[in-house]
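The values are calculated or read from the model by the stated rules, or taken from the named source; none is laboratory data. In this text the structure is predicted, and so the values were computed from the model without any measurement. Here the Cβ is made from the backbone with ideal geometry for all residues, glycine too, and neighbour counts use every protein chain on show.
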Amino acid sequence: MRFTLKQLQVFLAVASFENVSLAADELAMSQSAASTALKELEHRLDLRLFDRIGKRLQLNEQGIALRSKAAALIAGAEELENSLIGASDIGELKVGATLTIGNYLAIGIMAAFMKEHPAAKVNLIVENTESIAAKVRNFELDIGLIEGELQEADLDVSYWREDELALFCAPTHPLASQRELQDEDLLSADWIIREKGSGTRQAFDRAMTGILSNLKLRLELQHTEGIKRAVEAGLGIGCLSKLTLEEAFKRGSLVPLACSHRDLTRKFYFILHRQKFLSHGVRSWIEHCKNT
């Protein structure tokens with residue numbers, strides 16, 4: 001065999017950090033050992049895997065082609081090692097979640113999962129749909145939980161559960177007392193909404209088909225709590241997942257707005273790299289999410 005698993009591990013770490021020193025720290029190696037392993041891998045394969053841009057190493061076309069295969073091989077080797085030593089416990093699991101899921105669902109799921117699997121270590125990253133998809137694509141995450149729809153050749157997207165958005169405003173807003181909103185109401189209002197690239201924004205844009213270009217989008221914010229505070233302050237009306245609004249509706253600091261002629265339903269999804277080896281940990285996580 002022309003390469004070792006350690007060399008592939010170094011290659012994957014460098015591909016992730018784009019820096020040999022950071023990759024070495026991640027693998028608890030010296031920088032010189034990591035650099036030597038990478039050079040030996042390129043020499044044995046007779047391939048140049050990175051473009052050197054100053055201190056930054058960026059994957060070239062050959063490196064990109066190798067990355068998914070190397071990640072699958074390393075994951076399979078780790079699973080084989082666990083089976084040979086009789087290990088049934090789940091080790092480290094890197095999970096990504098979009099903001100709504102991460103802040104309102106994933107923490108509870110993670111706590112229950114780690115209680116069921118005491119040896120498991122779950123690292124949770126919370127970002128928007130585009131960022132989570134990029135990290136899954138680059139093998140920085142084992143699995144992503146997203147609220148936006150994706151169609152990418154490298155990613156496997158599968159249904160998880162239903163969700164519903166809600167329109168809302170402050171109790172003092174002129175629309176608060178209106179029983180049912182019509183399109184003219186939507187067009188007259190100032191809107192406080194999520195940023196482009198988020199699953200919530202994607203669902204909002206789809207729900208407002210036909211009038212979207214004429215809506216008055218006053219603020220676009222990255223965080224649901226910021227949107228809620230802005231709406232509470234009377235700056236406009238908002239649209240977020242009902243999951244994020246339950247407590248505010250109970251307190252009365254925000255009130256829901258009815259708009260039955262607009263489809264505010266959407267779906268949550270699992271995303272995995274198509275070349276990703278489905279370890280026991282990943283399979284257990286998916287099953288746990290489906291049963292929660």
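Overview of values
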read-out	value
In the stretch 157-173, the residues that are surrounded by 12 or more Cβ atoms within 10 Å (Cβ to Cβ) and farther than 25 Å from residue 266 by Cα	171, 173
Yes/no for residue 176 being hydrophobic (A, V, I, L, M, F, W, C), at pLDDT below 95 and farther than 25 Å from residue 126 by Cβ	no
Matching residues, the stretch 185-210, being under 22 Å from residue 261 (Cβ atoms), part of a loop (DSSP other than H, G, I, E, B) and not hydrophobic (A, V, I, L, M, F, W, C)	209, 210
Tally of residues being out of contact with any strand residue (DSSP E or B) (no Cβ under 8 Å at 6 or more places or on another chain) and among the charged types (D, E, K, R) across the stretch 145-161	1
Candidate set: the stretch 126-160, residues that are part of a helix (DSSP H, G or I) and of a type in the set (S, T, N, Q); chosen: the one farthest from residue 68 (Cα to Cα)	129
Members of the stretch 105-144 found to be out of contact with any strand residue (DSSP E or B) (no Cβ under 8 Å at 6 or more places or on another chain), within 24 Å of residue 222 (Cα to Cα) and not polar (S, T, N, Q), listed by number	108, 109, 130, 134
Of the criteria (1) more than 18 Å from the chain's Cα centre (by Cα); (2) closer than 16 Å to residue 99 by Cβ, which one residue 224 fails	(1)
Hey, residue 214 under 23 Å from the mean Cα position of the chain (by Cα) and farther than 25 Å from residue 131 by Cα or not	no
Residues satisfying the stated conditions in the stretch 187-221, i.e. among the basic types (Lys, Arg) and closer than 22 Å to residue 103 by Cα	194, 196, 201
Criterion (within 25 Å of residue 126 (Cβ to Cβ), of a type in the set (Ser, Thr, Tyr) and assigned to a helix (DSSP H, G or I)) met by exactly one of 284, 213	284
Subset tally (residues that are in a strand (DSSP E or B) and surrounded by fewer than 16 Cβ atoms within 10 Å (Cβ to Cβ)) for the stretch 269-281	0
Top-ranked residue of the stretch 43-59 - restricted to ones that are in contact with a helix residue (DSSP H, G or I) (Cβ under 9 Å, 6 or more places away or on another chain) and free of Cβ contacts under 8 Å to residues at least 24 places away in the same chain, ranked as farthest from residue 71 (Cα to Cα)	51
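So that you can scan it fast, the table gives a plain yes or no per residue for (1) over 30 Å from residue 75 (Cβ atoms); (2) touching a helix residue (DSSP H, G or I) at 6+ places or on another chain (Cβ under 8 Å); (3) in contact (Cβ under 8 Å) with a residue 12 or more places away in the chain; (4) surrounded by fewer than 18 Cβ atoms within 10 Å (Cβ to Cβ):
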| residue | (1), (2), (3), (4) |
| --- | --- |
| 224 | yes, yes, yes, no |
| 239 | yes, yes, yes, no |
| 256 | yes, yes, yes, yes |
| 259 | yes, yes, yes, no |
| 262 | yes, yes, yes, no |
| 267 | no, no, yes, yes |
| 290 | no, no, yes, yes |
